[in-house]
Amino acid sequence: MQKNIAVIRGDGIGPEIVEQALLVLNKIGELYGHTFTYTDVDMGGVAIDKWGDPLPAEMLQKCVAADSVLLGAVGGPKWNDVPGDKRPEKGLLRLRAGMGVYSNNRPAKIWPQLADASPLKASIVDKGIDFIIVRELIGGIYFGSHTTEEKNGEKNAVDILQYSESEIERIGRIGFETARKRSGKLCSVEKSNVLDSSRLWKAVMHRLAEEYPDVELSDMLVDNCAMQIVKDPSQFDVVVTENMFGDILSDEASMITGSIGMIPSSSLGASSNGLYEPIHGSAPDIAGMDLANPIGTILSAAMMLRFSFDMPAEADCIENAVSAVLDAGYRTADIYSDGCEKIGCSEMGRRILENMRKD
Ligand code: NAD
């Protein structure tokens, strides 16, 4: 198979971790007879420096035209003071909206080899952590209007949170379909005791539930969900929620699994062309030091193979190689524990390549 991948290396550790993921994809090409070609795309701080815009229109076009997009991370202190609409993160929001990827899927899964790295007690971790957060990605408060005005002698800021029934329905369907492929349990998270947008969310989810009698739907308020994720994460299988709640809960869920550097994500819309990226940021504190963990990006490439290119064996090959390297005791600094061997970003990539086999 031949696939063109738009590659956004981005800022900070972005170029280092993306480099390792591309080596892994090339190896998949060799082992399974696929050809991956790469189109470089500037986004984030690097694009601001070069083009004065975090995502110039022609860069977005390259992403829309590609078979999928692999992204490292964007942002950093250098661009902290640029105006709001020119910030690196604006490039990311425009990319998601421009690609129409309305569903972000983040697995929160503990690797047994890293159980000690979880901040939760062993008695909680031992019950198992393996769930997915399906987050609405291009609606809600992040995409409503944002204004700050002078009123009665002081500044007033307003952010609009709005959802239409159709926006809720399309993400709700992804939640139900995902639950159907797993254990058949879906938890819809909202704040219907306070917000109108959440009351509409809940009503649409219950209407949809009639079409999915094989899925058991439950409702949970977002504040309770934040508590339950640390109290007993084993109760969750698939969680579906709106943009801002999903942003916060998925960061919380990633922390309980040990390291932010291990977690991939996929963002999909109506077509198979998706956006794949690790969940962490550009880690400016360790950029250029060969210290970053490339596994989240490598596993994002595996998700791309599985969900956009229909290559499950190839995705398994990558995930098995990651598992083998962890079994052998190799760790980047962020996941290091006593008795393991500490290695850098490029060495971690090399070890994963070494363990990739076609079964
Ligand atoms: P961050 O995720 O970059 O870093 C948080 C901590 O985790 C840091 O100590 C960092 O060293 C560590 N870390 C992150 N990824 C790691 C990896 N792969 N291996 C080892 N350690 C890792 O979050 P932050 O410090 O809040 O943000 C830094 C910049 O990244 C900001 O400009 C922020 O806006 C941006 N950001 C970008 C994205 C994205 O591109 N999707 C997401 C979040 C934050």
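The values are calculated or read from the model by the stated rules, or taken from the named source; none is laboratory data. Just so it is clear, the model here is predicted, and its values are computed rather than measured. Counting neighbours? That spans all protein chains shown, and the Cβs are built from the backbone with ideal geometry, glycine included. Just the protein is used for accessible areas: all its heavy atoms, side chains included, with ligands, DNA and RNA removed. Shrake-Rupley method; radii C 1.70, N 1.55, O 1.52, S 1.80 Å.
Along the range 166-180 the Karplus relation, 6.51 cos²θ - 1.76 cosθ + 1.60 evaluated at θ = phi - 60°, assigns HN-Hα couplings of 5, 5, 5, 4, 5, 6, x, 4, 4, x, 5, 5, 5, 4, 4 Hz to successive residues, with x for each Gly and Pro. Structural descriptor for the chain: relative contact order 22 percent, calculated from alpha carbon pairs under 8 angstrom and at least 6 residues apart.
Applying both filters, DSSP loop and at most 11 other Cβ atoms within 10 Å, to the trypsin sites (Lys or Arg not before Pro) of the range 1-55 eliminates every site. Ignoring lysines fewer than eight residues from K62 along the same chain, the ones with Cα atoms less than 28 angstrom from its Cα are K3, K27, K50, K78, K86, K90. Among the protein heavy atoms of the chain, carbon and sulfur supply 51% of the accessible surface, probe 1.4 Å, non-protein parts ignored. Loop exposure criterion: GluC sites (Glu not before Pro), DSSP state outside H, G, I, E and B, at most 15 other Cβ atoms within 10 Å. Applied to the chain, the longest stretch between such sites is 1-209. Mean residue ellipticity, 222 nm, helices only, the chain: the sum of -39500 (n - 2.57) across DSSP H runs of n ≥ 4, divided by residue count and rounded to 500, is -12500 deg cm²/dmol. Only lysine pairs 8 or more places apart, or on different chains, with alpha-carbon atoms under 20 angstrom apart are counted in the range 119-256, and they number 7. Rg/Rh, computed from the Cα trace of the range 275-337 with Rh as the Kirkwood radius, has the value 1.02. Positive end of the dipole of the range 119-256 (Cβ unit charges, origin at the Cα centre): among G140, T178, L161, the Cα lying farthest that way belongs to T178.
Would you mind calculating the relative contact order of the range 119-256 from Cα pairs under 8 angstrom and at least 6 residues apart, reporting the percent as a whole number? Could you put the intermediate results ahead of the total?
On the way: 212 pairs, mean separation 50.9, N = 138.
Dividing the mean separation by the residue count of the range 119-256 yields 37 percent.
May I ask for the distance between the Cα centers of the range 238-299 and the range 187-211, given as a whole number of Å? So the two Cα centres are separated by 26 Å.
Computed over the range 51-144, the quotient of the alpha carbon radius of gyration and 2.2 N^0.38 Å is 1.44.
Springs join every pair of Cα atoms under 10 Å in this Gaussian network model of the chain, and among L70, L31, L275 the largest mean-square fluctuation is at L31. Under a Gaussian network description of the chain, with springs only between Cα atoms under 10 Å, the residue in P88, P107, P312 that fluctuates furthest is P312.
Hydrodynamic radius of the range 119-256 by the Kirkwood approach over all distinct alpha-carbon pairs: 16.0 Å.
Relative contact order of the range 185-335, taken over Cα pairs closer than 8 Å and 6 or more residues apart, is 19 percent.
In order along the range 206-214, phi translates into HN-Hα couplings of 6, 5, 5, 4, 5, 7, 10, x, 7 Hz, rounded to whole numbers, per the Karplus curve 6.51 cos²θ - 1.76 cosθ + 1.60 with θ = phi - 60° and x for Gly and Pro. Across all Cα atoms of the range 147-196, the radius of gyration (one decimal) and Dmax (whole number) stand at 17.8, 55 Å. Among beta bridges from DSSP that stay inside the chain, the antiparallel ones total about 40%. Comparing G33, G172, G91 in a Gaussian network model of the chain, where Cα atoms under 10 Å apart are tied by springs, the biggest mean-square fluctuation is seen for G33. Looking at the calculated P(r) for the range 1-125, what percent of the C-alpha pair distances fall above 19 Å? Summing the P(r) of the range 1-125 above 19 Å gives 58 percent of all pairs. Sorting the Cα pairs of the chain by distance into bins of 10 Å, from 0 upward, gives 5, 24, 33, 27, 10, 1, 0 percent per bin. Computed 3J(HN,Hα) for the range 7-13, one whole-Hz value per residue from the Karplus formula 6.51 cos²θ - 1.76 cosθ + 1.60 where θ = phi - 60°, is 10, 10, 6, x, 10, x, 7, glycine and proline marked x.
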